Amino acid sequence: MSHQTTLDVLTFNLNNPGRERAERQLAYLMGRPEEVLVLTETVDSTGCALLASRFRAEGYEVVFPRPGRGERGVMIVSRLAIRPGRDVAEYLPHRAVSVVVDTLEGPLEVVGLYVPSRDATATKKARKEKFLEDCLIGLPGGKAGSQVVTGDFNILEPNHVPRYKFFQAFEYDFYNWLGKVGYVDAYRELHPDSEEYSWVGRTGDGYRYEHAHVSADLRRKLLRCLYVHTPRTGEDRLTDHSALTLSLALHPTGILRGPGMQAPREGTDALFPVSAENEEIPMDATWRRIERLRTWLDDNAAPVGDAGWPGAFRVMEELGAVAEAMHGAAGTNPRKGQSHTWDDVDKKLCDVVTASRDALATRTPDAAKPDATAAPGGDPRLPRIGKVIEELGEVAEAVLGASGADPDKGDLHTWDDVHKELCDAILTGMVALATCTPDAAKLLDHRLQHLVDRVAPS
């Protein structure tokens, strides 16, 4: 039996919703791909009670200690079977909720925190300080077991940009303590230089309040940690905070199958499931499927050997240069115009022949050893990128068949075949990108915006 190959956690600040907004939040959260939802700023209110009861009715497991009057807390909702975790804080315990889920790698504890905010008054300062002191005692060290500590910390990292003078040493000390006892700031681990904010004030000042810290043993299992800004910035305005999603290379067990849940992500026979009721797949869900496909390939593909990839890539490079020259000679690139001549195309075609001859020579038994400076044949990124070129070749084959341009083969393809091959090329490119970097989704989004801004600046 095959198993789901990732376990994802989302932290989302509910911002004390009324009934109408809670309904919209419910629809959004039930459509999310994460198995465990850490919902902060809960209240003993109609809106939060609706969320808890509706999630339970749909088969989710819910832990929701009701905060007292005027208080805020944490709710944890799970598509996985959960059991109670440790008591983290004696003071304001509803702000520190712990559950345990099981994976093939062992139990994983998920701790959701909603650290009190404060103002300049001594009472608010003492309240926040006392809660953080309890967390220092109640949280396990990050080198013993597997833990995720996530939520709205209402604190910043010490080198936060910009730096705000009103944050005090005890607040930075909590963040530093997590690192000292073995935890890793998942977002900062994967995005060491990024400046993103999960809450933005009326003056436009940004704060990275939402955090996800993982224990030391999970550092190498970090696949992705991204801020999801749509709930805060979208027209629907579900909350005033951005969410934070975390993906780990773990195999969860105890997967629940409630009536309102997405189909379980088990097995390799349905890598790209599409619901008939919702054929428009959210981008996050698309990348989730890409990650499943990439992991399946890692688990099942033959080891990468010295297969002569450098020579093959040289041929691919020259083929790309041919296409560039043809666009330039025909003037079909609106940004560059007629940047090449047909003589340039002829020269590039000759370069393809030369590169092909050289690649063939490296594959013969008496060929000289490859250049030591060339990319190593054992690099798993190379066959993934090479697969993109293979799919592009199949696009070209389908185009020739659909247009009847190959007299030897005739009309062997249709334009529907071309469309399918283009989809394969796009998806293969996404898999290759996900193999090369854990920031694939964000990089693609930023690159798309860059290209749009370049051709149609606002």
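Rule-based calculations on the coordinates, nothing more; no lab input. Since this is a predicted model, take the numbers as computed values, not measurements. Every residue, glycine among them, receives a Cβ derived from its backbone with ideal geometry; neighbour counts consider all protein chains shown.
A few comments on the model shown:
- Segments 420-431, 6-17 sorted - mean Cβ within 10 Å per residue, highest first: 6-17, 420-431
- Each residue of segment 72-85 was assigned a 3J(HN,Hα) from its phi angle through the Karplus expression (A = 6.51, B = -1.76, C = 1.60, θ = phi - 60°), giving 10, x, 10, 10, 10, 10, 9, 8, 10, 4, 10, 9, x, x Hz with x at Gly and Pro.
- Note, ³J(HN,Hα) from phi for segment 203-213, Karplus 6.51, -1.76, 1.60, rounded to Hz, x at Gly and Pro: 7, x, 6, x, 9, 9, 8, 7, 9, 9, 10
- On full extension, the segment bounded by Phe170 and Leu448 gains 96.0 nm, given 0.36 nm per residue less the C-alpha separation.
- The P(r) of segment 1-155 has a tail past 22 Å containing 40 percent of all C-alpha pairs.
- Under the Karplus curve 6.51 cos²θ - 1.76 cosθ + 1.60, θ = phi - 60°, whole-Hz ³J(HN,Hα) for segment 60-66, x wherever Gly or Pro sits: 6, 8, 10, 10, 9, x, 5
- With K and R counted +1 and D and E -1, the other residues having a Cβ less than 9 Å from that of Thr42 yield a net charge of 0.
- Prolate/oblate/rounded label for segment 116-200 (Cα gyration tensor, a/c 1.5): oblate
- Summing +1 for each Lys or Arg and -1 for each Asp or Glu among the other residues whose beta-carbon sits under 12 angstrom from that of Ser117 gives +3.
- Local net charge near Leu190, Cβ-Cβ under 9 Å (Lys/Arg +1, Asp/Glu -1): 0
- Amide H contacts of Leu244: Thr11, Val228, each under 5 Å away and 5 or more positions distant or on a separate chain (H built 1.01 Å from N in the peptide plane; Pro and chain starts excluded).
- Ranked by how many other beta carbons lie within 10 Å on average, peptides 240-246, 143-149, 154-160 from highest: 240-246, 143-149, 154-160
- Taking 7 Å steps out from each Cα toward its Cβ at Leu349 and Arg66 produces label points 8.0 nm apart.
- Packing rank of 202-212, 96-106, where each peptide gets the mean count of other beta carbons within 10 Å, highest leading: 96-106, 202-212
- Gyration tensor verdict on segment 170-250 (Cα atoms; rounded if a/c is under 1.5, prolate if a/b is larger than b/c, oblate otherwise): oblate
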